[in-house]
Amino acid sequence: MADILYEYGNAVYANLTNQCCCRCTFCIRNTGDGLGSARTLWHEKEPGWPEVKDAVDRFDFAGFRELVFCGYGEPTCALELLLQTAAYMKALYPHMKLRLNTNGLGNLVSKKDIVPLLAPHIDSVSVSLNAPDSEAYDKLCRPDFDNAFAAVLDFAEKALRQIGQVKFSVVDVISEDQIEACRKLANDMGIPLRVRACGS
Ligand code: SF4
């Protein structure tokens, strides 16, 4: 059975779903089954609320200050579960900060603006920018949607206004020139950019 909660670095991570609307060429899911303390992050069956609640109830959060929604899938593809889990965590552990790591396509997945739903529960958001323009994005991330890159920027802009703490990330599989172009785009939007090593 896949780990629903696992430790990675200084945080606890929540692996709510294996669904994703991208097929990124660099996706860590292509290179291994587990990460951090997780033996495997592949669910035999997508978890529901009873399984996630049970995992939260059993987990020892002592010493941890952050829970990150990030696993082997895109958390906003399991939006209801994400919201329910976040609300439960906030009720049980008000001191814990909740971060969403997302590909930024949740509004397209849900066909509505989900940022107002996230804002009451989520403290910070890390959005995978991945590329400086739509063409490069489509090539690298192979999204299920047309105009996905514009949707990522729109999501980040809405999250910045309604949640406040937003970061972009790119993976160092792209060229220095592309990273610089991403940095400029992020700067222009007033959002910090983190360049992360592939697989981290
Ligand atoms: S969005 Fe994340 S989980 Fe989905 S394919 Fe890309 S890297 Fe993998």
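For the stretch 5-196, with all protein chains in place and a probe radius of 1.4 Å, 48% of the accessible heavy-atom surface sits on carbon or sulfur.
Model label points for residue 59 and residue 142, set 7 angstrom from Cα along the Cα-to-Cβ axis, are 3.0 nm apart.
Short-range pairs are left out: with C-alpha atoms under 8 Å and at least six residues apart, the relative contact order of the stretch 1-91 is 43 percent. Mean-square fluctuations from a GNM of the chain, with a 10 angstrom spring cutoff on Cα atoms, peak among 136, 151, 62 at 62.
Pairs with C-alpha atoms separated by more than 25 Å, drawn from the list 53/158; 111/167; 97/158; 90/184, are 53/158; 90/184. Put a plus charge on the Cβ of each Lys and Arg, a minus charge on the Cβ of each Asp and Glu, and nothing anywhere else: the dipole of the chain about its Cα centre is then about 360 debye.
Measuring only protein heavy atoms, the 1.4 Å probe finds residue 175 accessible over about 50 Å².
Accessible surface area normalised per residue over the chain is 48 Å², counting heavy atoms of protein chains with a 1.4 Å rolling probe.
The values are calculated or read from the model by the stated rules, or taken from the named source; none is laboratory data. From a predicted model like this one, the values you see are computed outputs, not experimental measurements. Cβ sites come from the backbone with ideal geometry, for glycine too, and all protein chains shown count toward neighbours. We work out accessible area using only protein heavy atoms, side chains counted, and drop any ligands, DNA or RNA first. Shrake-Rupley method; radii C 1.70, N 1.55, O 1.52, S 1.80 Å.
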